[in-house]
1. Can you pull out the residues in region A:48-87 that are touching a helix residue (DSSP H, G or I) at 6+ places or on another chain (Cβ under 6 Å), surrounded by fewer than 21 Cβ atoms within 10 Å (Cβ to Cβ) and within 13 Å of chain B (Cβ to nearest Cβ)?
2. Which ones in region A:189-205 are free of Cβ contacts under 8 Å to residues at least 60 places away in the same chain and either farther than 17 Å from A:Gly56 by Cβ or facing chain B (nearest Cβ under 9 Å) (or both)?
3. Could you list, ordered by first residue, the pairs with Cβ atoms under 7 Å in which the first is in region B:190-202 and more than 8 Å from chain A (Cβ to nearest Cβ) and assigned to a helix (DSSP H, G or I) and the second is charged (D, E, K, R) and buried (at least 23 other Cβ atoms within 10 Å of the Cβ), at least 6 apart or interchain?
4. Here is a check on your reading of the model: is A:Pro210 more than 14 Å from chain B (Cβ to nearest Cβ), at pLDDT 85 or above and at negative phi?
5. Can you confirm whether region A:6-14 contains a residue that is within 26 Å of A:Glu180 (Cβ to Cβ), in contact with a Leu (Cβ under 7 Å, 6 or more places away or on another chain) and within 14 Å of chain B (Cβ to nearest Cβ)?
6. Take the residues in region B:141-171 that are over 21 Å from B:Leu215 (Cβ atoms) and under 23 Å from the mean Cα position of the chain (by Cα); name whichever of them is surrounded by the most Cβ atoms within 10 Å (Cβ to Cβ).
7. Among the candidates A:Ile32, A:Ile44, single out the residue that is within 22 Å of A:His198 (Cβ to Cβ), among the hydrophobic types (A, V, I, L, M, F, W, C), within 9 Å of chain B (Cβ to nearest Cβ) and assigned to a helix (DSSP H, G or I).
Amino acid sequence: MMRYLILLRMFLGNAVRTETEYRADFFAHTIISLFWLAWAGLSIGVFYRFTDTVAGWTYSQLLVVIGLFFCVNGLRQAVIQPNLSEMSSYVRQGTLDFLLLKPVNSQFVVSFRHLNVHAVVDVVIGLAVAVIAAGFAGTLGVAEFAMFLWLITMGAVALYGVSLLLHSLTVWIVTSIGIEHLLQAALEVGRFPSTFYHAAVRLALTVVVPVALMTTIPAEALLGRATVNLLLMATGIALAFTALGSLTWRRALKSYTSAGG
Amino acid sequence: MRSVTLYRGLLRASFAGALVYRGQLVIFLVGALFPLIMMSAWLSLIGDAGLVSGWSKADTVSYYIGVAVVNHFTYSLLVEHWEDEVRTGSLNVQLMRPVHPIHRHVAEHIAERAVPGAVLVPVAILFSWLIPAVDYTNSAGLWALTVLAVVLGSVLGFLIGAVFTALSFWTTRVGHIDMLVWGMGTFVSGWIAPIALFPPAIRDVATLLPFHAMLGFPVELAMGKLDGSQIMTGFGVALSWIAVCGLLYALLWRIGAPKYEALGG
């Protein structure tokens, strides 16, 4: 366990060192993140020209969901994109072989070796917006915040589980074009609370692609509407997806016959 | 005659490319789902608050199915392709060829729109047939005008991209600028909301900008929402912007191309 923490620290150090070489890129990325955040805030403002609540969500409540969407999407760009999304090129070029030869857990190396530091800005900005908006909605307390921390962690776990599951499939299908976009599109649906969608879509968003777990449900916690049952359900689904992903990863490795060189 | 042969060759290569990379088809079709997210928000709003500016749920569904289709045809990946070529240095090779590189991009744009479009249009027709509330015009004349508007929108989308590529002789960050402009454009194009839902002042400005000509205008035409003078204005705006962007591109290219210093290798 200790060994993995030391490795994580080394991975993080490398990522920060690389990032400091591209400082202009970092600032450009931050400005663009702020632009899209303003875009999101203004675009939902158009809805509230006509009404005070949309499907039971006021403007500041909806802003909580938008903030969490930024946070989760930032996590995808920071952690999933530079790692698991590279699976298809690992398989195609045969570099997966080198990763498998390393004397550590292969799932760990493939999942966490790199980090897009500039995308962490999105995570921070998103969390800040969500918490501040919840403050304005007037529902933030210590218990709510604790529940929220647990649920957003479960959201991140669910994101990881789904990504691992999908990207493990590339061992069989080789090309991953589309998988990353599918994932991105699925997350994009989480920009709005799941109650904005048709009942069938809403169910799919909880159980099939657990996007509701990443934005809507943690937002409910910040708004003081989460129950213990919800907490247990979210935890169960998130862990189930990660277990399924890990299982698929191991199955995939068994049938991996190496390629390239 | 030479240009006919040229385009026949370029188009054949582009279509072959678009058909081979079928994985990309998924990307294009997933992109068509994004407008439906906006649609869901408006549907729940109308469900709660009733008609907004006279728009019903059926109108909203018809509108956003149209937006998904039109957006695919008028969107252009030119700036993305161009940035890749500048960064990797493959533009240097393109510039040495006796043919202006824009012709190859025109052929690519046509193939990239046509191949996924051949899947998207039947799907959209199927949806409008399955959902009885979806209602477009029955007039063949309006449909002909809609097709024309989509073609003009596609030309305009490509030309706006072309202006940004010409700017790349001065800055390598055109991708970011293009994205910011596109992002701001979504407010007045009809992406976030049909522009009929905005206050009259914003609506007037929006009808004169190129973004609406590329998205909301063709859809509103197909829905039979526009009167004669609005149709005239729409086409006038589209054609004017095509002329402006075309001229601007030619001018920038002439000044900028000699400045180009090759990157990559």
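1. Once the filter is applied, which keeps residues that are touching a helix residue (DSSP H, G or I) at 6+ places or on another chain (Cβ under 6 Å), surrounded by fewer than 21 Cβ atoms within 10 Å (Cβ to Cβ) and within 13 Å of chain B (Cβ to nearest Cβ), region A:48-87 yields A:Tyr48, A:Phe50, A:Thr51, A:Ala55.
2. Applying the first criterion (free of Cβ contacts under 8 Å to residues at least 60 places away in the same chain) to region A:189-205 yields A:189, A:194, A:197-205.
Of everything in region A:189-205, those that are free of Cβ contacts under 8 Å to residues at least 60 places away in the same chain and either farther than 17 Å from A:Gly56 by Cβ or facing chain B (nearest Cβ under 9 Å) (or both) turn out to be A:Val189, A:Tyr197, A:His198, A:Ala200, A:Val201, A:Leu203, A:Ala204.
3. Pairs that qualify, where the first residue is more than 8 Å from chain A (Cβ to nearest Cβ) and assigned to a helix (DSSP H, G or I) and the partner is charged (D, E, K, R) and buried (at least 23 other Cβ atoms within 10 Å of the Cβ): there are none.
4. Working: more than 14 Å from chain B (Cβ to nearest Cβ): yes; at pLDDT 85 or above: yes; at negative phi: yes.
For A:Pro210, the condition - more than 14 Å from chain B (Cβ to nearest Cβ), at pLDDT 85 or above and at negative phi - is met.
5. no
6. In the first step, residues of region B:141-171 are kept if they are over 21 Å from B:Leu215 (Cβ atoms); the result is B:141, B:165-171.
Next, from what is left, pick out any that are under 23 Å from the mean Cα position of the chain (by Cα): B:141, B:165-168.
Working: B:Gly141: 8, B:Thr165: 25, B:Ala166: 22, B:Leu167: 19, B:Ser168: 23.
That would be B:Thr165.
7. Values: A:Ile32 fails: within 22 Å of A:His198 (Cβ to Cβ).
Just a single option satisfies the conditions, and that option is A:Ile44.
To keep it simple, each residue is scored yes or no on (1) under 25 Å from B:Leu221 (Cβ atoms); (2) assigned to a loop (DSSP other than H, G, I, E, B).
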residue	(1), (2)
B:Leu91	no, no
B:Arg104	no, no
B:Ile110	yes, no
B:Val134	yes, yes
B:Phe158	yes, no
B:Gly161	yes, no
B:Phe164	no, no
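The values are calculated or read from the model by the stated rules, or taken from the named source; none is laboratory data. Because the structure is a prediction, the values reported are computed rather than measured. Backbone-built Cβ (ideal geometry, glycine too); neighbour counts: all protein chains shown.
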